1. Kindly check whether there is at least one residue in the range 164-182 that is of a type in the set (S, T, N, Q) and closer than 26 Å to Thr219 by Cβ.
2. If a residue has to be surrounded by 13 or more Cβ atoms within 10 Å (Cβ to Cβ) and either touching a Pro at 6+ places or on another chain (Cβ under 8 Å) or over 12 Å from Gly267 (Cβ atoms) (or both) to count, how many in the range 311-322 make the cut?
3. In the list Ser92, Ser67, which residue meets the criterion of being surrounded by 24 or more Cβ atoms within 10 Å (Cβ to Cβ) and assigned to a loop (DSSP other than H, G, I, E, B)?
4. Of the residues in the range 165-211, how many are of a type in the set (S, T, N, Q) and part of a strand (DSSP E or B)?
5. Of all the helices (runs of 4 or more DSSP H) wholly in the range 266-331, which have at least 2 residues that are in contact with a helix residue (DSSP H, G or I) (Cβ under 8 Å, 6 or more places away or on another chain) and at pLDDT below 80?
6. Identify, from the list Asp248, Asp315, the residue that is closer than 21 Å to Leu58 by Cα and of a type in the set (D, E, K, R).
7. Go through Leu239, Leu261, Leu231 for me and flag whichever is surrounded by fewer than 24 Cβ atoms within 10 Å (Cβ to Cβ), in a helix (DSSP H, G or I) and modelled with pLDDT of 95 or more.
8. Going residue by residue through the range 188-205, is there one that turns out to be surrounded by fewer than 14 Cβ atoms within 10 Å (Cβ to Cβ) and more than 22 Å from the chain's Cα centre (by Cα)?
Amino acid sequence: MVGRSAQIPTVNSQAVGVSYILLGAFLLIYPWFASPFWTVQIGAQSFILGVIALSLTLLAGYGGMVSLAQLSVAGCAGYMVAIWGFNDAKMSLGWPWIPTVFMAVLIAVIFGTLIGAVSVRTEGIYTIMITLAISVGFHYFVRQNYPIFNGWNGFAGLKPPVIAGVNMRDPIPFYYLSLGAAAIAYAASVYLGRSTFGLSLQGIRDNDRRMRALGFNVTAHRILAYSIAALIASLGGVLIVWLNGRIDPASVGVGATIDILVIAVVGGLGHPIGAFVGAVLFILLENFAVDLIDRERFNLLIGAVFLAIVLFSPDGILGLWQKIKKAMIRP
């Protein structure tokens with residue numbers, strides 16, 4: 001019995017390893033047989049939205065903190081790319097792309113850290129409400145600020161850089177750029193969950209009073225989690241600006257904020273890979289909903305899918321899949 005039980009984790013780990021290898025191989029060869037539309041609008045966009053949703057999954061899954069301000073952090077990075085960077089707008093400072101991206105990520109991380117410093121003073125529904133208030137406030141701030149954020153119009157003409165002679169605006173290079181960012185963000189999230197800090201954060205999620213009694217600085221852990229999540233969200237914010245070629249207040253509106261929440265919840269807040277699963281489903285529905293129902297009723301379709309998944313599996317699609325596998329394994 002001992003020998004048999006000891007072999008089960010090995011088999012499972014081998015199966016997981018094979019699954020990752022097959023998935024990685026498919027993602028690497030995907031743009032070579034897919035059309036530019038499927039490469040960029042489906043593939044790359046799913047990676048980008050998945051990265052932003054992953055920042056929410058990290059906070060909610062590891063720390064028990066549901067933040068609705070992650071898109072605002074991503075939007076902050078996107079606006080900084082427009083303000084500091086390499087575009088045709090007269091309001092731009094015209095910096096090269098490397099210092100532009102560095103400044104965009106740095107400012108977005110500072111913004112996310114400040115959000116965390118305010119939000120960790122609350123719990124539960126109050127955290128959701130205060131981060132939603134910050135998100136709405138950021139939307140109106142950029143919409144009404146013309147000297148810095150160009151108000152309603154935002155910024156257009158934002159182009160990805162040319163790196164080593166490769167134009168990142170081309171479908172295949174941009175796909176691999178998005179895939180690389182998604183892979184790094186996912187690997188970092190998985191590593192974080194297994195690290196000492198990640199385990200401490202999960203302990204705080206389960207019982208913060210006990211962790212505080214053991215000598216852990218609960219507030220510092222939570223704020224640092226917001227900083228790490230902001231770093232991940234800022235990567236998505238830079239990429240989504242390069243994808244769309246523009247950023248405006250609608251990019252950080254309440255509707256887009258709720259979309260990130262839907263993606264994270266549908267995929268499964270307890271699973272880092274769930275952010276990307278939810279993003280793929282969301283993008284497919286968004287692009288092909290017109291073939292099922294009127295475009296104006298897209299939100300109704302998304303709401304129905306969201307409600308069905310939450311009712312049948314609170315842990316999202318991956319949670320439902322795990323239930324199905326357990327049911328199939330049982331004798």
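1. Taking every residue of the range 164-182 in turn, none turns out to be of a type in the set (S, T, N, Q) and closer than 26 Å to Thr219 by Cβ.
2. Number of matching residues: 2.
3. Ser67
4. Residues that pass the stated criteria total 1.
5. Values: elements: 274-288, 298-312, 316-329.
The qualifying helices (runs of 4 or more DSSP H) are 298-312, 316-329.
6. Asp315
7. Step by step, each of Leu239, Leu261, Leu231 is checked, and only Leu231 is surrounded by fewer than 24 Cβ atoms within 10 Å (Cβ to Cβ), in a helix (DSSP H, G or I) and modelled with pLDDT of 95 or more.
8. Yes; the residues of the range 188-205 include at least one that is surrounded by fewer than 14 Cβ atoms within 10 Å (Cβ to Cβ) and more than 22 Å from the chain's Cα centre (by Cα).
The values are calculated or read from the model by the stated rules, or taken from the named source; none is laboratory data. For clarity, every value in this text was computed on a predicted model and none was experimentally measured. With ideal geometry, Cβ positions are generated from the backbone for all residues, glycine too; neighbour counts draw on all protein chains shown.
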